[in-house]
Amino acid sequence: WLPPDAVAARLGEGPGEALNATLAAAPTRVFDLIAQHAIACEPQRAGTLHLAHAPGGLKDLRRRAEQAQARGAPVTLLDGDE
């Protein structure tokens, strides 16, 4: 799973940011399809959790959170007490 900056670097700024935007909009698209097609389910917009079990993983999560926030995503990095 590439962080947003790596996607933009690998694909080029325009295509990379277009892909990042598409990926960021995917959950909203799923909820729109559920509503559009009256799919019987119990969707919940509760967000996602990405966890780290080691210092290196936390460093990666921190970097990803910063990159997502720079693109306007409502991302919050929680610590172990939260």
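Filtering the range 47-61 to residues that are surrounded by 12 or more Cβ atoms within 10 Å (Cβ to Cβ) and under 13 Å from the mean Cα position of the chain (by Cα) leaves H50, L61.
For the condition modelled with pLDDT under 95 and touching a helix residue (DSSP H, G or I) at 6+ places or on another chain (Cβ under 9 Å), what is the one hit in A8, A24?
A24
Cβ separations smaller than 9 Å between residues 6+ apart or across chains give the following pairs from the range 6-17 residues that are among the charged types (D, E, K, R) to residues that are in a helix (DSSP H, G or I): R10/G16; E17/P4; E17/V7; E17/A8; E17/L11. Within the range 1-25, being of a type in the set (G, A, S) and assigned to a helix (DSSP H, G or I) holds for A6, A8, A9, G14, G16, A18, A21, A24, A25. For the range 28-40, the count of residues that are modelled with pLDDT under 90, part of a loop (DSSP other than H, G, I, E, B) and more than 23 Å from P4 (Cα to Cα) is zero.
The values are calculated or read from the model by the stated rules, or taken from the named source; none is laboratory data. The structure presented is a predicted model; accordingly, all values stated were derived computationally and were not measured. Cβ: placed from backbone, ideal geometry, glycine included. Neighbour counts: every protein chain shown.
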